[in-house]
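Only one structure is covered here, and it is reproduced in the block below.
The values are calculated or read from the model by the stated rules, or taken from the named source; none is laboratory data. If you're wondering where the values come from, they're calculated on a predicted model, not measured in any experiment. All Cβ positions, even for glycine, are placed from backbone atoms using ideal geometry, and neighbour counts span all protein chains on display.
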Number of protein chains: 2
Amino acid sequence: MATDISASGPRSNSSVTIASIAAETGVSVPTVSKVLNGRSDVAAETRAKIEEALERHQYRRRNRGPATSGPSLIDLAFHELDSAWSIEIIRGVEVAAAEAEVSVVLSELGGRHRPEQKWLDAVLARRPMGVLLVLSTLGKSQRHQLESRSIPYVVLDTDGEPPEDVPAVGSNNWNGGLSATRHLLGLGHQRIAVISGPPDVLCSRARVDGFRSALDEAGLHVDPAFVRYGDFYVAGGYEHGKDLLSRPDRPTAIFAGSDMQALGVLRAARELGLDVPRDLSVVGYDNLSFSGWVGPALTTVNQPLQAMAATATNLLIDLARGNSPQLRRVDLATELIVRESTAPPPS
Amino acid sequence: MATDISASGPRSNSSVTIASIAAETGVSVPTVSKVLNGRSDVAAETRAKIEEALERHQYRRRNRGPATSGPSLIDLAFHELDSAWSIEIIRGVEVAAAEAEVSVVLSELGGRHRPEQKWLDAVLARRPMGVLLVLSTLGKSQRHQLESRSIPYVVLDTDGEPPEDVPAVGSNNWNGGLSATRHLLGLGHQRIAVISGPPDVLCSRARVDGFRSALDEAGLHVDPAFVRYGDFYVAGGYEHGKDLLSRPDRPTAIFAGSDMQALGVLRAARELGLDVPRDLSVVGYDNLSFSGWVGPALTTVNQPLQAMAATATNLLIDLARGNSPQLRRVDLATELIVRESTAPPPS
């Protein structure tokens, strides 16, 4: 699969020019230029016709390098800005961007995993060096709109499966689920529940699969009632935690899928008069900054969010500067951090 | 550039033009334009000479409204991006900016409360509609560099005392300190300590003054050993908390100055075997998203960070669009939220 997005890339047709697109669609050359530059003063119908022709011919603007009129920008877009998780990523991007003397435009996509066209129009108009999407992916025609302007993009912590040729940085979620569950098994737990994130987010499924593999390894049966999908937020952990811990056969350990959900499980346990870790062990995920400070301090899986963000930013800047990075799909390693919230099960 | 040459604004000298600055400093008109546009291709010495003349004559570029070549940007700069506090502000700015169809460039100033010139140069070069500074202020000559380009700026949650004519949005810190302390006095506490933020940050001092006023009101003496200045982070609360709670005359209540510091105090109490709220009451500040979920849920002072950020953004956009907002200095109200971490003192 071809992965080059420059003008001479193998998938592009080098005989296609702005003039040939203009001739074919019956508009002037400046009109095609306006569309490529994200200008809003072109009628919607004309614009759609031009975009269609650009995509059909796989047009690629030759990368002109950074504009001279101002400093370089990259776009960073989150599907949703939530508390401690987003700020780790923002910090990683800011540090890497500052080192490269690049500024960062931050957007929130209102909870959508696929950006609205309105957002993409604003991106095209400001002509960033590149676009970094967190937990979001672009539709095929949106991808092409960036490609035809030679604006590279990178996906961070993939949500769903980005096409093979999309550069992406993630972490080893399956391994994270495996090591969290092995730790609990090693302490002697047998009734272990998992609360993962939403089932339509790939990393949630990978963590649950790691959980299953660890139980398999130990010759234990997976009780379907003990496999839950939350929302990665405190409320999801609290509600599933309350439900799981109110059962007569309640689990002695919960792998909470995120540190926020672990906070919710801790709260549910407190309300039910269960002591952590004496009556219940809890493992979080992410290793957010508060996880070592809450009571009890969370045993958790370190997801190196700042390093992932910096890696993605450097990859994006490399692509934008016309370098050919050796690695275009990277998963950073996760690591179990043992603190106070896990112990052997009550005897 | 031909239309840029007049100056405006009540303090400006309307006879000063780019041409007169060029003549006086012995450079060409395009060189003065380059400096105004943040271009880097002017020798440092020439540039300093031109900036000096611009400042001395109080030159003001006529505000030309948003550039037509791209969508409008505002700059949002934090002295430091910390965990949950910053994200509340970022969300408030993003929502208000998106409504106004303005994009946000986010920068971190590496812990400095006064930005480096390098950052300001990048701002001048990208010509934003305006600049929003969080816990930071500009030096006099930096202020003038923005003013001479007609780029307005607003300060959020003032750190130090911005000059009277600088638009600013904050919250009523003194009142927050007062209501937190009154609440503890009302429960019957008499040995109350405060851990505020750094003493050189104005809001820290205002909160301590509110604390003192509440004790005064109750006819209680302020023990200087019970007035501490931390760093607003968990570590500051933990260290001062540990020290205060190890004293023979330990306090029965601590006003922790920030929710992060309250987390640190909770941890110190746990380590010393003290139960919150039975043995010790703790009040936080900020009402960050986790504060209702930790154990015990924090009694805290709600600082409406998202609303403050949105108010500051709207004020900035108003100024940039040439409107004359009625209020240029606003403090939003703080409010005590009572949860589980406060109770009457041990008898």
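On the given criteria, is B:Phe232 within 14 Å of chain A (Cβ to nearest Cβ) and touching a helix residue (DSSP H, G or I) at 6+ places or on another chain (Cβ under 8 Å)? When the stated conditions are applied, B:Phe232 passes them. For beta carbons closer than 8 Å, sequence separation of 6+ or different chains, a first residue in the range A:162-182 that is closer than 20 Å to A:Ser281 by Cα and a second that is assigned to a loop (DSSP other than H, G, I, E, B) and of a type outside the set (D, E, K, R), the qualifying pairs are A:Asn175/A:Ala333; A:Asn175/A:Thr334; A:Gly176/A:Gln303; A:Gly176/A:Thr334; A:Ser179/A:Thr334. Being in contact with a helix residue (DSSP H, G or I) (Cβ under 7 Å, 6 or more places away or on another chain), part of a loop (DSSP other than H, G, I, E, B) and among the aliphatic types (A, V, I, L, M) is a description that does not apply to B:Leu263.
Can you name the residue in the range B:79-109 that is assigned to a loop (DSSP other than H, G, I, E, B) and under 15 Å from the mean Cα position of the chain (by Cα) and is also modelled with the lowest pLDDT among such residues?
B:Asp82
Looking at B:Ala218, B:Ala193, B:Ala269, B:Ala180, can you tell me which residue is in the same structural domain as B:Val283 (by TED's automatic domain parsing) and closer than 22 Å to B:Pro304 by Cβ?
Values: B:Ala218 fails: closer than 22 Å to B:Pro304 by Cβ; B:Ala193 fails: closer than 22 Å to B:Pro304 by Cβ; B:Ala269 fails: closer than 22 Å to B:Pro304 by Cβ.
Testing whether each residue is in the same structural domain as B:Val283 (by TED's automatic domain parsing) and closer than 22 Å to B:Pro304 by Cβ leaves just B:Ala180.
Screening A:Thr313 on (1) at pLDDT 95 or above; (2) polar (S, T, N, Q); (3) closer than 30 Å to B:Ser341 by Cβ shows it passes everything except condition (3). The set of residues in the range A:247-288 that are of a type outside the set (A, V, I, L, M, F, W, C), within 13 Å of chain B (Cβ to nearest Cβ) and surrounded by fewer than 24 Cβ atoms within 10 Å (Cβ to Cβ) comprises A:Arg267, A:Arg270, A:Glu271, A:Gly273, A:Asp275, A:Asn287. Right, B:Gly139: within 12 Å of chain A (Cβ to nearest Cβ) and either over 17 Å from B:Asp286 (Cα atoms) or in contact with a Pro (Cβ under 7 Å, 6 or more places away or on another chain) (or both) or not? No. Residues in the range B:124-136 that are aliphatic (A, V, I, L, M) and at the interface with another protein chain (Cβ under 9 Å from one of its Cβ atoms): B:Ala125 only.
Every residue in the range B:270-290 that is part of a loop (DSSP other than H, G, I, E, B) and either modelled with pLDDT under 95 or on the phi > 0 side of the Ramachandran plot (or both), please. Before the answer, list the steps.
Taking the range B:270-290 first, the residues part of a loop (DSSP other than H, G, I, E, B) are B:272-280, B:287-288.
Hits for the range B:270-290 are B:Gly273, B:Asn287, B:Leu288.
If only residues of the range A:295-332 that are under 26 Å from B:Gly264 (Cβ atoms) and of a type in the set (Ser, Thr, Tyr) are counted, the one that is farthest from the chain's Cα centre (by Cα) is A:Thr299. Residues that are under 15 Å from B:Glu88 (Cβ atoms) and either facing chain B (nearest Cβ under 7 Å) or of a type in the set (S, T, N, Q) (or both) within the range A:80-115 comprise A:Leu81, A:Ser83, A:Ala84, A:Ser86, A:Ile87, A:Ile90, A:Leu106, A:Glu108, listed in sequence order.
Determine whether B:Val123 is crowded, with 21+ Cβ neighbours inside 10 Å, in a helix (DSSP H, G or I) and in contact (Cβ under 8 Å) with a residue 12 or more places away in the chain.
Details: crowded, with 21+ Cβ neighbours inside 10 Å: yes; in a helix (DSSP H, G or I): yes; in contact (Cβ under 8 Å) with a residue 12 or more places away in the chain: yes.
In short, yes.
The rows are residues; the columns are (1) in contact with a strand residue (DSSP E or B) (Cβ under 7 Å, 6 or more places away or on another chain); (2) without any contact (Cβ under 8 Å) to a residue 60 or more places away in the chain; (3) among the basic types (Lys, Arg); (4) part of a loop (DSSP other than H, G, I, E, B).
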position: B:Ala206; (1), (2), (3), (4): no, yes, no, no
position: B:Asp216; (1), (2), (3), (4): no, yes, no, no
position: B:His221; (1), (2), (3), (4): no, yes, no, yes
position: B:Gly241; (1), (2), (3), (4): yes, yes, no, no
position: B:Arg250; (1), (2), (3), (4): no, yes, yes, yes
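Residue-level check: of (1) under 19 Å from the mean Cα position of the chain (by Cα); (2) within 22 Å of A:Leu272 (Cα to Cα), A:Asn172 misses just (2).
Let's see how each residue does on (1) over 18 Å from B:Thr313 (Cα atoms); (2) charged (D, E, K, R); (3) assigned to a loop (DSSP other than H, G, I, E, B):
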| site | (1), (2), (3) |
| --- | --- |
| B:Ser136 | no, no, yes |
| B:Ser141 | yes, no, no |
| B:His144 | yes, no, no |
| B:Ser150 | no, no, yes |
| B:Glu161 | yes, yes, yes |
| B:Asp165 | no, yes, yes |
| B:Trp174 | yes, no, no |
| B:Gly177 | yes, no, no |
| B:His183 | yes, no, no |
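Among the conditions (1) touching an Asp or Glu at 6+ places or on another chain (Cβ under 9 Å); (2) part of a helix (DSSP H, G or I); (3) under 20 Å from B:Phe226 (Cβ atoms); (4) not charged (D, E, K, R), the only one that B:Met308 does not satisfy is (3).
Scanning the range B:311-347 for residues that are under 19 Å from B:Trp85 (Cβ atoms) and in a strand (DSSP E or B) yields B:Asp331, B:Leu332, B:Glu335, B:Leu336, B:Ile337. From the list B:Ser196, B:Ser204, B:Ser179, B:Ser171, the one residue that fits, being within 21 Å of B:Leu263 (Cα to Cα), touching a Pro at 6+ places or on another chain (Cβ under 7 Å) and of a type in the set (Ser, Thr, Tyr), is B:Ser204. With respect to (1) at pLDDT 95 or above; (2) assigned to a loop (DSSP other than H, G, I, E, B), the lone exception for A:Thr68 is condition (1). Among the criteria (1) assigned to a helix (DSSP H, G or I); (2) within 14 Å of chain A (Cβ to nearest Cβ), the one B:Gly295 does not fulfil is (1).
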